[in-house]
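Scroll down for the structure; my scribbles are underneath it.
The values are calculated or read from the model by the stated rules, or taken from the named source; none is laboratory data. Predicted, not measured: the structure shown is a model, and the values here were computed from it. A quick note on method: Cβ atoms are made from the backbone with ideal geometry, for glycine too, and the neighbour counts reach across all protein chains shown.
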There are 2 protein chains.
Amino acid sequence: MLRIRSVPSTQRIFKRFNSTLPPTLSQLFKNPPVDRDLTINGYVRSVRSYKKVSFLDLSDGSTHESLMCVLQPGQAVDLKTGQSVSLQGKWVQSRGKEQAYEFKTHPQESSVKIIGDVPETYPLQKKLHTLQYLRTLPTLRWRTSYLSSILRFRSFVDFKLNEFFQSRDFTKVNPPIITSSDCEGAGELFQVESRNAELGKEPFFGKNAYLTVSTQLHLELLAASLGNVWTLSPVFRAESSDTNRHLSEFWMLEAEISFVDEVEQITKFTEDMIKSVLKDLVNDTNGVASNLLSSQRRTDDFEQMNAKLKQRWDNLYNKSWDSITYDKAIQTLQESGVEFKIPVDYNDGLATEHEKWLASHFGGPLFVTDYPKDIKPFYMKLNKDGKTVGCFDLIVPDVGEIIGGSLREHDLLRLEQEISKRDMKVDELKWYTSLRENGSVPHGGFGLGFERLICYLTGVENVRDVVPLPRAHDECQA
Amino acid sequence: MLRIRSVPSTQRIFKRFNSTLPPTLSQLFKNPPVDRDLTINGYVRSVRSYKKVSFLDLSDGSTHESLMCVLQPGQAVDLKTGQSVSLQGKWVQSRGKEQAYEFKTHPQESSVKIIGDVPETYPLQKKLHTLQYLRTLPTLRWRTSYLSSILRFRSFVDFKLNEFFQSRDFTKVNPPIITSSDCEGAGELFQVESRNAELGKEPFFGKNAYLTVSTQLHLELLAASLGNVWTLSPVFRAESSDTNRHLSEFWMLEAEISFVDEVEQITKFTEDMIKSVLKDLVNDTNGVASNLLSSQRRTDDFEQMNAKLKQRWDNLYNKSWDSITYDKAIQTLQESGVEFKIPVDYNDGLATEHEKWLASHFGGPLFVTDYPKDIKPFYMKLNKDGKTVGCFDLIVPDVGEIIGGSLREHDLLRLEQEISKRDMKVDELKWYTSLRENGSVPHGGFGLGFERLICYLTGVENVRDVVPLPRAHDECQA
């Protein structure tokens, strides 16, 4: 069989798609070139050969759907799962029930060409691999039907969020990744220095520099200029905890809103934001939901999982989300009679198991507001009671917290007191506190863990399975 | 005058905007609440007081337009540029010619409230400051009409690009920021380590880790799984060169396309991409162009600058972009008779001054293709001549290069030869080269310097004026 190094021209079909790029399977399925001769490129997902005919499942990563190709048995002898191939033939209506279309290759042997071969040991054979095993194949795992759907879904959510903020007249901004301030005061920072720096010499930036743990402080600066701002930006934590919820590098959606002074204004806004994504899921607009569901892993509990996921979306979309105070949350936990691994204590905040239980107890997403000030960061606005701050966490069943937000303290004196009390350096935050002396306004905002949202919406349990190349302690593959 | 700490409720008007957030001036201008009583929040841009009336220019950062407010002189006595204020009054049709609407405050003194004061030394008075001076005010400069327009424009371009890739069925991905490989082999890397790491102990990630200089290699991995992918991601270079074109941290739009084997397929695609942004500029959709032009700095050559900018957009949008080979570019430069500061030499590539001259000579954007292989990175695909590679740079007048792209070498042997020849470590790139053994396909892609594109489209000369908090050598303010 011929091995080729270039892709046969598909010029004739390009015009329909108004592009110089060859059409993807996703584009072809949406705009099917029925009864037309064309060249199709893709990867062999599987081959089955019978006496008179061979069937090839072709995919190209653009959709979970594969194209059923009908070959002469002689054309299929060298074909193996994983190879990239180029096929010449005709796109026809299928007589089978499984799919609407199939692709019949022309009878000549040369109509089927292998573009790129795979070794005999190519690991992604047509069987169900565990997600854990797939994580050991960082360069190949995104070729599986399930995991590639997750990344396409992530891309969809990203776009929907862009649309939402655009419709609400927010300005998208890019706050710095390298920073000299430690936003949370948590200390789990990565330090950054030029590789060519000489020991003991002046640092590259003239001072110590770190990777941002949150863009919030810089967003506040920008909100004070542009009104309402948002970003979707990588943030970093040098955490050693090895859980399925934590990464050292993850993406955070953060927004900062001017002229708000009620926590409820922000919680309602985040509810609208997430519902704007859910709307397309619940209505299955453009097949978003059905694509995701039909690419779910064919495990034994496959149908149960899908039913659970659909129920989750419906529930999220159709109900009005509950909100309780932290006081009430603690009381509910204490009165539950449940024996938690970590005891419930007012001064300790909520552990993940408490959050999960509470969210389940309330039957859906739950805002918990007004935490005690001493367990929250310095920038949160003190409530009138002098004990709690105007803040909220959004907690959901199975996952726990996915959003944290607050009103920001805009009183300079109180802000400086809180900074000093936490042994943070007032000087290093001078640029930030100076915003309170220059036309400060009541404002607030929130941060959404983007990977956690994707996990929640897809039912994926490990955050490593929604990010292309996860980075964590002792984990930096490829 | 009353100093308040909370924002008066604007509940009544919220409903029109279907939001729990107070409407911004931008939203109000689009959907004007004529003859309605309401509360408006914003910043004092300027105040002029006469005997019987005071005029206040109010802005809130959401649009370059300010709202002309008509006050009783007594209400204006304490007002100063920069303060944040809350005004109660009525939105009315304006009798003046300068603006369509104005806001008449109610006569009571309490209808005008200062929310946040400014010090006497507040530097942003109503006069034209140089951009250089404004750079010394990192926390305040984005409040100026001109610079805030630039960030709003950046946000618009970001959204348009999201729309473009969505319409072309690309998957948006987030490749890692922290990486153990050195994509370009250029060596100007930032190293990353946990601040709490102990000297001589195992590194946090189990190996040396750096900030990515380009996401391309990881994008290739993802393109081999998902077909066509793109990202808009921060990238980093530990360059010490202090120019108005370079930053240590900047945003790069990168895309990787499967099943292409002609450079022209990619150049045409990038032309379509940039024209998709220009379309709204040239047609002034939603006032994108007029907003930008009317917020231009009122320098003496203001009108000339605007005319030049409009001509640039028209030219970019309406003409088909030229393409020449590198050979031809060198020949054109040599035959030009121009005495360049840096002499033209085939083996040295193009200097920025050469690029600018060439683009001007061709009267617009120009693709230069097929550079000699020895001056380009290891991953570019060798042409049939054995001397040049299938690559391109997009160069534009005044700015120089804004896009670089190529077909990628998908022949494993050639790729490994190029890696070795450049003294790079074949082992460290094993994950990348392994893609060529596992169903490799002809593919290519490009990288667009996002800040450079914004500079070119807005006429901004210094890249520091299109990014909120610029990071460069010895430069890490706020």
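Here residue A:286 does not fit the description of being in a helix (DSSP H, G or I), touching a His at 6+ places or on another chain (Cβ under 6 Å), assigned by TED's automatic domain parsing to the domain that holds residue A:389 and within 25 Å of residue A:156 (Cβ to Cβ). The combined condition, being small (Gly, Ala, Ser) and under 28 Å from residue A:471 (Cβ atoms), is fulfilled by residue A:148.
Quick grid of which residues meet (1) surrounded by 12 or more Cβ atoms within 10 Å (Cβ to Cβ); (2) assigned by TED's automatic domain parsing to the domain that holds residue B:270; (3) out of contact with any Lys or Arg (no Cβ under 8 Å at 6 or more places or on another chain); (4) within 27 Å of residue B:353 (Cβ to Cβ):
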{"residue": "B:280", "(1), (2), (3), (4)": "yes, yes, no, no"}
{"residue": "B:293", "(1), (2), (3), (4)": "yes, yes, no, no"}
{"residue": "B:302", "(1), (2), (3), (4)": "yes, yes, yes, no"}
{"residue": "B:324", "(1), (2), (3), (4)": "yes, yes, yes, yes"}
{"residue": "B:333", "(1), (2), (3), (4)": "yes, yes, yes, yes"}
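Restricting A:461, A:437 to residues that are away from chain B (no Cβ under 14 Å), farther than 25 Å from residue A:369 by Cβ, among the charged types (D, E, K, R) and surrounded by fewer than 23 Cβ atoms within 10 Å (Cβ to Cβ) narrows the list to A:461. All of (1) surrounded by 23 or more Cβ atoms within 10 Å (Cβ to Cβ); (2) among the small types (Gly, Ala, Ser); (3) free of Cβ contacts under 8 Å to residues at least 60 places away in the same chain hold for residue B:364 with one exception: (1).
Residues of the stretch A:111-120 include none that is without any contact (Cβ under 8 Å) to a residue 12 or more places away in the chain, within 24 Å of residue A:296 (Cα to Cα) and surrounded by fewer than 19 Cβ atoms within 10 Å (Cβ to Cβ). From the list B:144, B:136, the one residue that fits, being more than 9 Å from chain A (Cβ to nearest Cβ) and of a type in the set (Ser, Thr, Tyr), is B:136. Scanning the stretch A:40-60 for residues that are among the β-branched types (Val, Ile, Thr) and either under 13 Å from residue A:104 (Cβ atoms) or under 27 Å from the mean Cα position of the chain (by Cα) (or both) returns A:40, A:53. For the stretch A:240-255, residues that are in contact with a Gly (Cβ under 6 Å, 6 or more places away or on another chain) and either surrounded by fewer than 20 Cβ atoms within 10 Å (Cβ to Cβ) or within 8 Å of chain B (Cβ to nearest Cβ) (or both) total 0.
Of all the residues in the stretch B:384-430, those that are within 14 Å of another protein chain (Cβ to nearest Cβ) and crowded, with 18+ Cβ neighbours inside 10 Å number 9. Residue A:334 passes every criterion in (1) under 30 Å from the mean Cα position of the chain (by Cα); (2) in a helix (DSSP H, G or I); (3) among the polar types (S, T, N, Q) apart from (1). Only residues that are assigned to a strand (DSSP E or B) and either charged (D, E, K, R) or touching a Cys at 6+ places or on another chain (Cβ under 7 Å) (or both): list them for the stretch A:56-99, please. Those that are assigned to a strand (DSSP E or B) and either charged (D, E, K, R) or touching a Cys at 6+ places or on another chain (Cβ under 7 Å) (or both): A:56, A:57, A:58, A:87, A:90.
Restricting attention to the stretch B:333-385, which residues are among the small types (Gly, Ala, Ser) and farther than 28 Å from residue B:432 by Cα? Passing the criteria: B:336, B:337, B:351, B:359, B:360, B:363, B:364. Could you say whether any residue in the stretch A:139-162 is farther than 30 Å from residue A:302 by Cβ and in the same structural domain as residue A:374 (by TED's automatic domain parsing)? Yes, the conditions are met somewhere in the stretch A:139-162. Against the definition (surrounded by 20 or more Cβ atoms within 10 Å (Cβ to Cβ) and out of contact with any Leu (no Cβ under 9 Å at 6 or more places or on another chain)), how does residue A:143 come out, yes or no? The answer is no for residue A:143. Selection of the stretch A:102-133 for residues being more than 14 Å from chain B (Cβ to nearest Cβ) and in a loop (DSSP other than H, G, I, E, B) yields A:106, A:107, A:108, A:126, A:127, A:128, A:129, A:130. Looking across the stretch B:262-300 at every residue that is more than 20 Å from the chain's Cα centre (by Cα) and away from every other protein chain (no Cβ under 14 Å), the one that is nearest to residue B:405 (Cα to Cα) is identified as B:283. I want to confirm something. Restricting to the stretch B:192-239 and keeping residues that are more than 7 Å from every other protein chain (Cβ to nearest Cβ) and in contact with a helix residue (DSSP H, G or I) (Cβ under 6 Å, 6 or more places away or on another chain), which single residue is nearest to residue A:240 (Cα to Cα)? Residue satisfying both the conditions and the ranking: B:217.
Just to check your reading of the model, which residue among B:406, B:420 is more than 17 Å from residue B:323 (Cβ to Cβ), out of contact with any Ser or Thr (no Cβ under 6 Å at 6 or more places or on another chain) and among the small types (Gly, Ala, Ser)? Selected residue: B:420, the only one of B:406, B:420 that is more than 17 Å from residue B:323 (Cβ to Cβ), out of contact with any Ser or Thr (no Cβ under 6 Å at 6 or more places or on another chain) and among the small types (Gly, Ala, Ser). Counting only residues that are assigned to a strand (DSSP E or B) and crowded, with 23+ Cβ neighbours inside 10 Å, the stretch A:24-40 holds 1 of them. Those residues that are farther than 30 Å from residue B:60 by Cα, at the interface with chain A (Cβ under 7 Å from one of its Cβ atoms) and touching a residue at least 40 places away in the same chain (Cβ under 8 Å), I need them from the stretch B:147-181; list them, please. B:168, B:169, B:171, B:172, B:173, B:174, B:175, B:176, B:177, B:180 - these are the residues of the stretch B:147-181 that are farther than 30 Å from residue B:60 by Cα, at the interface with chain A (Cβ under 7 Å from one of its Cβ atoms) and touching a residue at least 40 places away in the same chain (Cβ under 8 Å). Within the stretch A:41-55, the residues that satisfy the criterion of being in a strand (DSSP E or B) and away from chain B (no Cβ under 14 Å) are A:48, A:49, A:54, A:55.
Criterion first (free of Cβ contacts under 8 Å to residues at least 24 places away in the same chain, within 27 Å of the chain's Cα centre (by Cα), over 17 Å from residue B:447 (Cβ atoms) and assigned by TED's automatic domain parsing to the domain that holds residue B:157) does residue B:387 satisfy it? Taking the combined requirement at face value, the residue does not satisfy it.
Taking the criterion of being touching a residue at least 12 places away in the same chain (Cβ under 8 Å), more than 27 Å from residue B:140 (Cα to Cα) and over 33 Å from the mean Cα position of the chain (by Cα), the residues of the stretch B:62-98 that qualify are B:72, B:73, B:74, B:89, B:90, B:91, B:92, B:93, B:94, B:96. Residue check: residue A:261 meets all listed conditions (1) under 19 Å from residue A:388 (Cβ atoms); (2) surrounded by fewer than 15 Cβ atoms within 10 Å (Cβ to Cβ) but one, namely (2).
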